[in-house]
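Peer 1: I'd like to ask you about the structure that follows.
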Amino acid sequence: MERSYSNFMNIGILGGGQLGRMLGLAGYPLGFRFRCFDTTPDAVAGHVMPLTVGSFDDLEALQAFAEGLDVLTYEFENVPTWAVEFLATHVNVHPSPLALSISQDRIEEKTFFQSMGVPTALFLPVNTREELDTAVDQLGMPCVIKTCRLGYDGKGQFVIRSRDDAEAAWQTLQGNPLILEQYVTFDRELSIIAVRSTTGDKKFYSLVQNFHEGGILRKTLAPASNVSAALQQQAEDFADMAMHGLEYSGVLAIEFFQVGEKLVVNEMAPRVHNSGHWTIEGACTSQFENHLRAICGLPLGNTRVQGSVGMINLIGSVPALEKIMSEPCCQNEKVSIHLYGKEPKPGRKIGHVTIVSAHDEKRDEIMRQIG
Ligand code: AMP
(Lines give C-alpha, C1' and ligand atoms only; values in the text may rest on other atoms or scores of the structure.)
Protein backbone atom coordinates (compact mmCIF):
# COMPACT_ATOMS: atom_id res chain seq x y z
CA MET A 1 0.00 0.00 0.00
CA GLU A 2 1.43 3.41 -0.94
CA ARG A 3 1.45 6.03 1.76
CA SER A 4 0.86 9.68 1.15
CA TYR A 5 3.73 11.98 2.04
CA SER A 6 3.73 13.46 5.45
CA ASN A 7 6.70 15.35 6.78
CA PHE A 8 6.08 13.56 10.06
CA MET A 9 7.04 10.22 8.58
CA ASN A 10 8.60 8.09 11.33
CA ILE A 11 11.56 6.07 10.11
CA GLY A 12 13.27 3.35 12.13
CA ILE A 13 16.81 2.22 11.35
CA LEU A 14 18.29 -1.11 12.43
CA GLY A 15 21.94 -0.38 13.13
CA GLY A 16 23.26 2.87 14.53
CA GLY A 17 26.59 3.42 12.79
CA GLN A 18 27.71 6.26 10.55
CA LEU A 19 25.38 5.17 7.74
CA GLY A 20 22.37 5.54 10.04
CA ARG A 21 23.71 8.87 11.23
CA MET A 22 24.07 10.16 7.65
CA LEU A 23 20.55 8.89 6.80
CA GLY A 24 19.24 10.98 9.68
CA LEU A 25 21.23 14.05 8.67
CA ALA A 26 19.86 13.74 5.12
CA GLY A 27 16.28 13.22 6.24
CA TYR A 28 15.75 15.93 8.85
CA PRO A 29 15.46 18.71 6.24
CA LEU A 30 12.57 16.75 4.71
CA GLY A 31 10.79 16.65 8.06
CA PHE A 32 11.32 12.96 8.72
CA ARG A 33 11.68 11.68 12.26
CA PHE A 34 14.15 8.94 13.11
CA ARG A 35 15.03 6.39 15.71
CA CYS A 36 17.66 3.66 15.57
CA PHE A 37 18.29 0.29 17.22
CA ASP A 38 21.78 -0.98 17.97
CA THR A 39 23.48 -3.42 20.30
CA THR A 40 25.86 -0.81 21.71
CA PRO A 41 25.27 2.49 23.55
CA ASP A 42 28.25 4.01 21.66
CA ALA A 43 26.42 3.78 18.30
CA VAL A 44 27.08 7.15 16.67
CA ALA A 45 23.68 7.55 15.01
CA GLY A 46 22.55 7.93 18.63
CA HIS A 47 24.19 11.39 18.62
CA VAL A 48 21.57 12.62 16.14
CA MET A 49 18.48 10.51 16.85
CA PRO A 50 16.97 8.48 19.71
CA LEU A 51 18.87 5.20 20.13
CA THR A 52 17.37 2.01 21.54
CA VAL A 53 20.08 -0.32 22.84
CA GLY A 54 19.09 -3.97 22.72
CA SER A 55 19.75 -7.37 21.29
CA PHE A 56 18.52 -8.41 17.84
CA ASP A 57 17.41 -11.64 19.57
CA ASP A 58 15.01 -9.73 21.82
CA LEU A 59 11.79 -9.79 19.77
CA GLU A 60 9.88 -7.86 22.44
CA ALA A 61 12.40 -5.03 22.33
CA LEU A 62 12.30 -5.04 18.52
CA GLN A 63 8.51 -4.92 18.50
CA ALA A 64 8.49 -2.02 20.96
CA PHE A 65 11.04 -0.22 18.75
CA ALA A 66 8.83 -0.69 15.67
CA GLU A 67 5.70 0.65 17.41
CA GLY A 68 4.38 3.68 15.50
CA LEU A 69 6.95 3.54 12.69
CA ASP A 70 5.84 4.22 9.11
CA VAL A 71 8.81 2.42 7.61
CA LEU A 72 11.80 0.47 8.83
CA THR A 73 15.15 0.17 7.08
CA TYR A 74 18.61 -1.17 7.98
CA GLU A 75 22.07 0.30 7.60
CA PHE A 76 24.13 -2.77 8.37
CA GLU A 77 23.82 -6.12 6.62
CA ASN A 78 24.70 -8.32 9.54
CA VAL A 79 21.35 -7.70 11.21
CA PRO A 80 19.91 -11.22 11.67
CA THR A 81 17.43 -11.98 8.89
CA TRP A 82 14.95 -13.49 11.34
CA ALA A 83 14.74 -10.16 13.22
CA VAL A 84 13.96 -8.30 9.99
CA GLU A 85 11.46 -10.95 8.87
CA PHE A 86 9.75 -10.71 12.26
CA LEU A 87 9.57 -6.92 12.04
CA ALA A 88 8.22 -7.12 8.48
CA THR A 89 5.06 -8.67 9.95
CA HIS A 90 4.53 -5.45 11.97
CA VAL A 91 5.81 -2.62 9.77
CA ASN A 92 6.84 -1.90 6.16
CA VAL A 93 10.47 -2.98 5.81
CA HIS A 94 12.68 -1.83 2.93
CA PRO A 95 14.87 -3.16 1.36
CA SER A 96 13.21 -6.59 1.34
CA PRO A 97 14.30 -9.20 3.89
CA LEU A 98 15.12 -11.39 0.85
CA ALA A 99 17.78 -8.88 -0.28
CA LEU A 100 19.27 -8.91 3.20
CA SER A 101 19.41 -12.69 3.48
CA ILE A 102 20.99 -13.17 0.02
CA SER A 103 23.60 -10.50 0.65
CA GLN A 104 24.62 -12.13 3.94
CA ASP A 105 25.97 -15.23 2.26
CA ARG A 106 28.60 -14.96 -0.48
CA ILE A 107 27.57 -18.29 -2.05
CA GLU A 108 23.88 -17.33 -2.20
CA GLU A 109 24.81 -13.91 -3.53
CA LYS A 110 26.98 -15.25 -6.36
CA THR A 111 24.42 -17.95 -7.16
CA PHE A 112 21.72 -15.25 -7.37
CA PHE A 113 23.75 -13.16 -9.84
CA GLN A 114 24.74 -16.20 -11.92
CA SER A 115 21.07 -17.30 -12.10
CA MET A 116 20.39 -14.02 -13.98
CA GLY A 117 23.37 -14.52 -16.28
CA VAL A 118 25.43 -11.86 -14.48
CA PRO A 119 29.13 -12.81 -14.31
CA THR A 120 30.88 -13.38 -10.97
CA ALA A 121 34.23 -14.95 -10.09
CA LEU A 122 34.13 -18.75 -10.41
CA PHE A 123 33.72 -20.21 -6.94
CA LEU A 124 33.37 -23.40 -4.92
CA PRO A 125 32.02 -23.96 -1.41
CA VAL A 126 34.60 -25.25 1.09
CA ASN A 127 33.76 -26.93 4.38
CA THR A 128 36.62 -29.37 4.97
CA ARG A 129 40.40 -29.42 4.49
CA GLU A 130 39.97 -31.97 1.67
CA GLU A 131 37.42 -29.73 -0.08
CA LEU A 132 39.89 -26.85 0.13
CA ASP A 133 42.59 -28.90 -1.65
CA THR A 134 40.17 -30.08 -4.32
CA ALA A 135 38.81 -26.55 -4.86
CA VAL A 136 42.35 -25.08 -5.13
CA ASP A 137 43.17 -27.77 -7.74
CA GLN A 138 40.01 -26.97 -9.71
CA LEU A 139 40.18 -23.17 -9.62
CA GLY A 140 43.99 -22.88 -9.71
CA MET A 141 46.23 -20.42 -7.88
CA PRO A 142 46.11 -17.60 -7.08
CA CYS A 143 42.65 -17.86 -5.56
CA VAL A 144 40.87 -16.17 -2.67
CA ILE A 145 39.40 -17.93 0.35
CA LYS A 146 36.69 -16.07 2.27
CA THR A 147 34.22 -16.75 5.03
CA CYS A 148 30.75 -17.04 3.47
CA ARG A 149 29.23 -14.84 6.15
CA LEU A 150 30.13 -11.87 8.35
CA GLY A 151 33.17 -10.78 6.35
CA TYR A 152 33.69 -7.06 5.76
CA ASP A 153 36.52 -4.65 4.96
CA GLY A 154 38.72 -7.55 3.83
CA LYS A 155 38.34 -9.39 7.15
CA GLY A 156 38.04 -13.18 7.02
CA GLN A 157 39.79 -13.61 3.68
CA PHE A 158 43.18 -14.58 2.28
CA VAL A 159 44.77 -14.80 -1.13
CA ILE A 160 46.20 -18.30 -1.70
CA ARG A 161 49.31 -18.41 -3.87
CA SER A 162 50.88 -21.61 -2.53
CA ARG A 163 50.03 -24.80 -0.62
CA ASP A 164 51.51 -23.17 2.50
CA ASP A 165 49.10 -20.21 2.10
CA ALA A 166 46.21 -22.69 1.86
CA GLU A 167 47.27 -24.37 5.10
CA ALA A 168 47.75 -21.02 6.90
CA ALA A 169 44.33 -19.75 5.73
CA TRP A 170 42.73 -23.03 6.81
CA GLN A 171 44.24 -22.73 10.29
CA THR A 172 42.64 -19.29 10.69
CA LEU A 173 39.29 -19.81 8.99
CA GLN A 174 38.37 -23.45 9.67
CA GLY A 175 35.06 -23.98 11.43
CA ASN A 176 33.31 -21.36 9.26
CA PRO A 177 31.48 -22.10 6.01
CA LEU A 178 33.97 -20.92 3.37
CA ILE A 179 34.00 -19.99 -0.30
CA LEU A 180 37.00 -20.31 -2.59
CA GLU A 181 36.96 -17.81 -5.45
CA GLN A 182 39.06 -17.68 -8.57
CA TYR A 183 41.36 -14.66 -8.44
CA VAL A 184 40.04 -12.07 -10.90
CA THR A 185 42.84 -10.23 -12.68
CA PHE A 186 40.99 -6.96 -12.93
CA ASP A 187 41.86 -3.65 -14.55
CA ARG A 188 40.19 -1.68 -11.77
CA GLU A 189 37.43 -1.80 -9.17
CA LEU A 190 34.20 0.05 -9.89
CA SER A 191 30.85 0.30 -8.14
CA ILE A 192 27.40 1.56 -8.87
CA ILE A 193 24.78 2.99 -6.55
CA ALA A 194 21.28 2.24 -7.81
CA VAL A 195 17.99 3.23 -6.24
CA ARG A 196 14.45 2.00 -6.72
CA SER A 197 11.37 3.45 -5.09
CA THR A 198 8.38 1.49 -3.74
CA THR A 199 6.58 3.03 -6.76
CA GLY A 200 8.97 1.24 -9.16
CA ASP A 201 10.73 4.47 -10.18
CA LYS A 202 14.49 3.87 -10.45
CA LYS A 203 17.69 5.80 -10.97
CA PHE A 204 21.40 5.09 -11.18
CA TYR A 205 24.49 7.07 -10.27
CA SER A 206 27.56 7.05 -12.51
CA LEU A 207 30.03 4.24 -12.07
CA VAL A 208 32.77 5.26 -9.64
CA GLN A 209 36.30 3.93 -9.20
CA ASN A 210 37.33 2.57 -5.82
CA PHE A 211 40.80 2.11 -4.32
CA HIS A 212 41.21 -0.30 -1.41
CA GLU A 213 44.09 -0.54 1.05
CA GLY A 214 44.32 -3.66 3.20
CA GLY A 215 40.82 -4.65 2.07
CA ILE A 216 39.32 -1.33 3.27
CA LEU A 217 37.93 1.29 0.89
CA ARG A 218 40.37 4.19 0.92
CA LYS A 219 39.33 6.43 -2.00
CA THR A 220 36.53 6.83 -4.51
CA LEU A 221 36.66 8.88 -7.70
CA ALA A 222 33.38 10.00 -9.26
CA PRO A 223 32.71 9.63 -12.05
CA ALA A 224 35.20 6.86 -12.89
CA SER A 225 37.30 8.04 -15.85
CA ASN A 226 36.91 6.62 -19.36
CA VAL A 227 33.68 4.76 -18.77
CA SER A 228 32.00 3.94 -22.08
CA ALA A 229 28.23 4.28 -22.39
CA ALA A 230 28.13 0.50 -22.87
CA LEU A 231 29.96 -0.16 -19.59
CA GLN A 232 27.65 2.19 -17.66
CA GLN A 233 24.69 0.44 -19.31
CA GLN A 234 26.04 -2.97 -18.31
CA ALA A 235 26.24 -1.84 -14.67
CA GLU A 236 22.74 -0.37 -14.77
CA ASP A 237 21.32 -3.51 -16.38
CA PHE A 238 22.90 -5.76 -13.73
CA ALA A 239 21.65 -3.53 -10.90
CA ASP A 240 18.21 -3.34 -12.49
CA MET A 241 17.97 -7.13 -12.77
CA ALA A 242 19.05 -7.53 -9.15
CA MET A 243 16.54 -4.95 -7.88
CA HIS A 244 13.78 -6.59 -9.90
CA GLY A 245 14.68 -10.09 -8.64
CA LEU A 246 14.81 -8.92 -5.03
CA GLU A 247 11.56 -6.87 -5.16
CA TYR A 248 13.82 -4.11 -4.01
CA SER A 249 13.15 -0.63 -2.64
CA GLY A 250 15.95 1.65 -1.46
CA VAL A 251 19.60 2.09 -2.39
CA LEU A 252 21.49 -0.95 -3.67
CA ALA A 253 25.27 -0.85 -4.11
CA ILE A 254 27.09 -3.30 -6.36
CA GLU A 255 30.87 -3.65 -6.45
CA PHE A 256 32.48 -4.80 -9.68
CA PHE A 257 35.80 -5.86 -11.08
CA GLN A 258 36.36 -4.34 -14.52
CA VAL A 259 38.06 -6.75 -16.93
CA GLY A 260 38.41 -5.10 -20.34
CA GLU A 261 34.94 -3.91 -21.32
CA LYS A 262 33.25 -6.45 -19.05
CA LEU A 263 32.04 -6.17 -15.47
CA VAL A 264 32.29 -9.04 -12.99
CA VAL A 265 30.19 -8.68 -9.84
CA ASN A 266 32.17 -8.97 -6.61
CA GLU A 267 29.42 -8.26 -4.11
CA MET A 268 26.33 -6.22 -3.35
CA ALA A 269 25.21 -4.26 -0.30
CA PRO A 270 21.45 -3.78 0.27
CA ARG A 271 21.97 -0.36 1.84
CA VAL A 272 23.63 2.99 1.46
CA HIS A 273 27.31 2.37 0.80
CA ASN A 274 30.71 3.89 1.52
CA SER A 275 31.43 4.21 -2.23
CA GLY A 276 28.38 6.53 -2.40
CA HIS A 277 29.41 8.99 0.31
CA TRP A 278 30.66 11.37 -2.38
CA THR A 279 27.02 11.93 -3.40
CA ILE A 280 26.37 14.15 -0.35
CA GLU A 281 28.14 17.10 -1.95
CA GLY A 282 29.01 15.60 -5.33
CA ALA A 283 25.60 14.67 -6.77
CA CYS A 284 22.35 16.56 -7.21
CA THR A 285 20.71 14.26 -4.64
CA SER A 286 22.66 12.19 -2.14
CA GLN A 287 22.35 8.42 -1.85
CA PHE A 288 21.02 8.98 1.69
CA GLU A 289 18.20 11.26 0.60
CA ASN A 290 17.35 9.01 -2.34
CA HIS A 291 17.25 5.96 -0.06
CA LEU A 292 14.74 7.74 2.17
CA ARG A 293 12.70 8.97 -0.79
CA ALA A 294 12.68 5.44 -2.22
CA ILE A 295 11.50 3.67 0.93
CA CYS A 296 8.81 6.32 1.47
CA GLY A 297 7.50 6.08 -2.11
CA LEU A 298 8.50 9.66 -2.98
CA PRO A 299 9.84 10.79 -6.36
CA LEU A 300 13.57 10.08 -6.65
CA GLY A 301 16.03 12.94 -6.95
CA ASN A 302 18.41 13.58 -9.83
CA THR A 303 21.59 11.48 -9.54
CA ARG A 304 23.87 13.59 -11.77
CA VAL A 305 27.52 14.11 -10.71
CA GLN A 306 28.36 17.75 -10.03
CA GLY A 307 31.93 17.95 -11.32
CA SER A 308 35.09 16.00 -10.56
CA VAL A 309 34.50 14.41 -7.21
CA GLY A 310 36.77 12.48 -4.85
CA MET A 311 36.15 10.88 -1.48
CA ILE A 312 38.87 9.90 0.99
CA ASN A 313 38.06 7.74 3.99
CA LEU A 314 39.65 8.77 7.28
CA ILE A 315 40.78 5.46 8.75
CA GLY A 316 42.17 4.97 12.26
CA SER A 317 43.11 8.58 12.99
CA VAL A 318 42.17 12.12 12.03
CA PRO A 319 44.72 13.96 9.83
CA ALA A 320 45.56 17.63 10.35
CA LEU A 321 42.11 18.95 9.56
CA GLU A 322 42.94 22.53 10.57
CA LYS A 323 44.99 22.84 7.40
CA ILE A 324 42.13 21.54 5.23
CA MET A 325 39.62 23.74 7.06
CA SER A 326 41.71 26.88 6.68
CA GLU A 327 41.98 26.45 2.90
CA PRO A 328 39.66 29.11 1.56
CA CYS A 329 36.95 27.59 -0.59
CA CYS A 330 37.82 28.98 -4.00
CA GLN A 331 35.42 29.35 -6.87
CA ASN A 332 35.74 25.87 -8.22
CA GLU A 333 36.66 23.66 -5.28
CA LYS A 334 34.80 22.60 -2.20
CA VAL A 335 36.33 20.38 0.47
CA SER A 336 33.86 18.90 2.95
CA ILE A 337 34.86 17.12 6.13
CA HIS A 338 32.64 14.51 7.76
CA LEU A 339 33.56 13.12 11.17
CA TYR A 340 31.32 10.42 12.56
CA GLY A 341 31.93 11.02 16.27
CA LYS A 342 33.66 7.64 16.63
CA GLU A 343 36.61 6.91 18.88
CA PRO A 344 39.70 6.54 16.62
CA LYS A 345 41.02 2.95 16.51
CA PRO A 346 43.38 1.29 14.01
CA GLY A 347 41.49 0.20 10.89
CA ARG A 348 38.30 2.00 11.93
CA LYS A 349 36.47 4.33 9.53
CA ILE A 350 36.04 7.51 11.55
CA GLY A 351 35.13 9.97 8.83
CA HIS A 352 35.59 10.98 5.23
CA VAL A 353 36.50 14.04 3.17
CA THR A 354 34.84 14.90 -0.13
CA ILE A 355 36.42 17.14 -2.74
CA VAL A 356 34.28 18.64 -5.48
CA SER A 357 36.14 20.46 -8.24
CA ALA A 358 35.57 21.56 -11.79
CA HIS A 359 38.74 19.73 -12.89
CA ASP A 360 40.13 16.23 -12.33
CA GLU A 361 43.68 17.63 -11.96
CA LYS A 362 42.74 20.04 -9.17
CA ARG A 363 40.70 17.37 -7.40
CA ASP A 364 43.62 14.93 -7.61
CA GLU A 365 46.04 17.57 -6.29
CA ILE A 366 43.83 18.23 -3.23
CA MET A 367 43.40 14.50 -2.67
CA ARG A 368 47.17 14.01 -2.66
CA GLN A 369 47.51 16.78 -0.04
CA ILE A 370 44.99 15.13 2.25
CA GLY A 371 46.57 11.69 1.95
P1 AMP B 1 35.42 -8.27 -0.58
O2 AMP B 1 35.40 -8.47 0.88
O3 AMP B 1 34.84 -9.42 -1.33
O4 AMP B 1 34.83 -6.96 -1.01
O5 AMP B 1 36.96 -8.18 -1.01
C6 AMP B 1 37.82 -7.11 -0.60
C7 AMP B 1 38.82 -6.80 -1.70
O8 AMP B 1 39.64 -7.94 -1.97
C9 AMP B 1 38.18 -6.47 -3.05
O10 AMP B 1 37.80 -5.11 -3.09
C11 AMP B 1 39.31 -6.81 -4.00
O12 AMP B 1 40.29 -5.79 -4.02
C13 AMP B 1 39.92 -8.05 -3.38
N14 AMP B 1 39.27 -9.27 -3.89
C15 AMP B 1 38.22 -9.92 -3.34
N16 AMP B 1 37.85 -10.99 -4.07
C17 AMP B 1 38.69 -11.07 -5.11
C18 AMP B 1 38.83 -11.95 -6.23
N19 AMP B 1 38.02 -13.03 -6.39
N20 AMP B 1 39.79 -11.69 -7.14
C21 AMP B 1 40.63 -10.63 -6.98
N22 AMP B 1 40.56 -9.76 -5.93
C23 AMP B 1 39.61 -9.96 -5.00
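The values are calculated or read from the model by the stated rules, or taken from the named source; none is laboratory data. Quantities reported herein were computed from a predicted structural model and do not represent experimental measurements. Cβ: placed from backbone, ideal geometry, glycine included. Neighbour counts: every protein chain shown.
Peer 1: In the range 223-244, is there at least one residue being among the polar types (S, T, N, Q) and under 26 Å from C296 (Cα atoms)? I'd like the intermediate steps shown before the answer.
Peer 2: Keep residues of the range 223-244 that are among the polar types (S, T, N, Q), which gives 225-226, 228, 232-234.
Filter again for under 26 Å from C296 (Cα atoms), leaving none.
No, that holds for no residue.
Peer 1: Would you mind telling me which numbered condition in (1) surrounded by 24 or more Cβ atoms within 10 Å (Cβ to Cβ); (2) under 24 Å from T199 (Cβ atoms); (3) hydrophobic (A, V, I, L, M, F, W, C) L298 fails?
Peer 2: With respect to (1) surrounded by 24 or more Cβ atoms within 10 Å (Cβ to Cβ); (2) under 24 Å from T199 (Cβ atoms); (3) hydrophobic (A, V, I, L, M, F, W, C), L298 is out only on (1).
Peer 1: Got at least one residue in the range 134-142 being farther than 23 Å from E75 by Cβ and within 11 Å of the ligand (Cβ to nearest atom)? Give the derivation first.
Peer 2: At the first step, the residues of the range 134-142 found to be farther than 23 Å from E75 by Cβ are 134-142.
From what's left, within 11 Å of the ligand (Cβ to nearest atom): 139, 142.
For the range 134-142, residues farther than 23 Å from E75 by Cβ and within 11 Å of the ligand (Cβ to nearest atom): present.
Peer 1: Quick one: which strands (runs of 3 or more DSSP E) lie wholly within the range 13-96 and hold at least 1 residues that are surrounded by fewer than 17 Cβ atoms within 10 Å (Cβ to Cβ)? Step through it out loud before you land on a result.
Peer 2: Working: elements: 33-38, 51-53, 71-74.
Result: 51-53.
Peer 1: Tell me, yes or no, whether the range 253-269 has at least one residue that is away from the ligand (no atom under 16 Å from the Cβ), over 27 Å from V126 (Cβ atoms) and not aromatic (F, W, Y). Spell out the reasoning first.
Peer 2: Residues of the range 253-269 away from the ligand (no atom under 16 Å from the Cβ): 261.
Checking the rest, the ones that are also over 27 Å from V126 (Cβ atoms) come to 261.
Still in the running and not aromatic (F, W, Y): 261.
Yes, because at least one residue in the range 253-269 is away from the ligand (no atom under 16 Å from the Cβ), over 27 Å from V126 (Cβ atoms) and not aromatic (F, W, Y).
Peer 1: Residues that are buried (at least 21 other Cβ atoms within 10 Å of the Cβ), at least 3 per element: which strands (runs of 3 or more DSSP E) completely within the range 196-254 meet that? Full working, then the answer.
Peer 2: Details: elements: 202-204, 208-213, 216-222.
By residue number, 216-222.
Peer 1: I need the full set of residues from the range 13-31 which are without any contact (Cβ under 8 Å) to a residue 24 or more places away in the chain and touching a helix residue (DSSP H, G or I) at 6+ places or on another chain (Cβ under 8 Å), in order please.
Peer 2: Filtering the range 13-31 for residues without any contact (Cβ under 8 Å) to a residue 24 or more places away in the chain gives 28-29.
Listed by number, the list is empty, since nothing qualifies.
Peer 1: Can you confirm whether the range 187-210 contains a residue that is more than 10 Å from the ligand (Cβ to nearest atom), of a type in the set (D, E, K, R), under 22 Å from M243 (Cα atoms) and modelled with pLDDT under 95?
Peer 2: no
Peer 1: Among residues belonging to the range 111-141 that are surrounded by 14 or more Cβ atoms within 10 Å (Cβ to Cβ) and small (G, A, S), point out the one that is nearest to S101 (Cα to Cα).
Peer 2: Result: A121.
Peer 1: Please specify each residue of the range 103-120 satisfying the condition of being in contact with a strand residue (DSSP E or B) (Cβ under 8 Å, 6 or more places away or on another chain) and either more than 23 Å from V259 (Cβ to Cβ) or part of a helix (DSSP H, G or I) (or both).
Peer 2: Here is the first cut: in the range 103-120, the residues in contact with a strand residue (DSSP E or B) (Cβ under 8 Å, 6 or more places away or on another chain) are 103, 106-107, 109-110, 113-114, 118-120.
S103, R106, I107, E109, K110, F113, Q114, listed by residue number.
Peer 1: Turning to a different aspect of this structure: Applying the selection to the range 310-350, what residues are touching a residue at least 60 places away in the same chain (Cβ under 8 Å) and under 18 Å from the mean Cα position of the chain (by Cα)? Steps first, please.
Peer 2: Applying the first criterion (touching a residue at least 60 places away in the same chain (Cβ under 8 Å)) to the range 310-350 yields 310-313, 315, 338, 340-343, 347, 349.
Matches in the range 310-350: G310, M311, I312, N313, I315, H338, Y340, G347, K349.
Peer 1: Follow-up. Can you tell me which of T128, T198 is out of contact with any Pro (no Cβ under 8 Å at 6 or more places or on another chain) and free of Cβ contacts under 8 Å to residues at least 40 places away in the same chain?
Peer 2: Details: T198 fails: free of Cβ contacts under 8 Å to residues at least 40 places away in the same chain.
Of the residues listed, the single one that is out of contact with any Pro (no Cβ under 8 Å at 6 or more places or on another chain) and free of Cβ contacts under 8 Å to residues at least 40 places away in the same chain is T128.
Peer 1: Counting only residues that are at positive phi and either modelled with pLDDT of 95 or more or of a type outside the set (A, V, I, L, M, F, W, C) (or both), which one in the range 145-186 is nearest to the ligand (Cβ to nearest atom)? Before the answer, list the steps.
Peer 2: The initial filter retains those residues of the range 145-186 that are at positive phi, namely 150, 153-154, 156, 175.
Okay, now just the ones that are also either modelled with pLDDT of 95 or more or of a type outside the set (A, V, I, L, M, F, W, C) (or both), so 153-154, 156, 175.
Working: D153: 7, G154: 5, G156: 8, G175: 19 Å.
Looking at the filtered set, the residue picked out is G154.
Peer 1: Among the residues of the range 76-108, which ones are within 16 Å of the ligand (Cβ to nearest atom) and in contact with a Ser or Thr (Cβ under 6 Å, 6 or more places away or on another chain)?
Peer 2: Within the range 76-108, just E77 meets the criteria.
Peer 1: So which of G347, G351, G341 ends up being touching a His at 6+ places or on another chain (Cβ under 7 Å), more than 27 Å from Y205 (Cα to Cα) and modelled with pLDDT of 90 or more?
Peer 2: Result: G341 is the single residue among G347, G351, G341 that is touching a His at 6+ places or on another chain (Cβ under 7 Å), more than 27 Å from Y205 (Cα to Cα) and modelled with pLDDT of 90 or more.
Peer 1: Now for a different question. Here is a list of conditions, (1) among the small types (G, A, S); (2) in contact with a His (Cβ under 7 Å, 6 or more places away or on another chain); (3) within 16 Å of the ligand (Cβ to nearest atom), and S275 meets all of them except one; can you say which number that is?
Peer 2: All conditions pass for S275, except number (2).
Peer 1: What are the residues in the range 47-92 that are aromatic (F, W, Y), out of contact with any strand residue (DSSP E or B) (no Cβ under 6 Å at 6 or more places or on another chain) and touching a residue at least 60 places away in the same chain (Cβ under 8 Å), if any? Full working, then the answer.
Peer 2: Restricting attention to the range 47-92, the residues satisfying the condition of being aromatic (F, W, Y) are 56, 65, 74, 76, 82, 86.
Narrowing the set further to residues that are out of contact with any strand residue (DSSP E or B) (no Cβ under 6 Å at 6 or more places or on another chain) leaves 56, 76, 82, 86.
Answer for the range 47-92, where residues must be aromatic (F, W, Y), out of contact with any strand residue (DSSP E or B) (no Cβ under 6 Å at 6 or more places or on another chain) and touching a residue at least 60 places away in the same chain (Cβ under 8 Å): just F76.
Peer 1: Sticking with this structure for a sec: Taking into account only those residues within the range 338-371 that are outside any loop (DSSP other than H, G, I, E, B) and among the charged types (D, E, K, R), which is farthest from A43 (Cα to Cα)?
Peer 2: Taking the range 338-371 and keeping what is outside any loop (DSSP other than H, G, I, E, B), we get 338-339, 349-357, 360-370.
Filter once more, so that each one left must be among the charged types (D, E, K, R): 349, 360-365, 368.
Details: K349: 13, D360: 36, E361: 37, K362: 36, R363: 32, D364: 33, E365: 34, R368: 31 Å.
Ranking the qualifying residues of the range 338-371, first place goes to E361.
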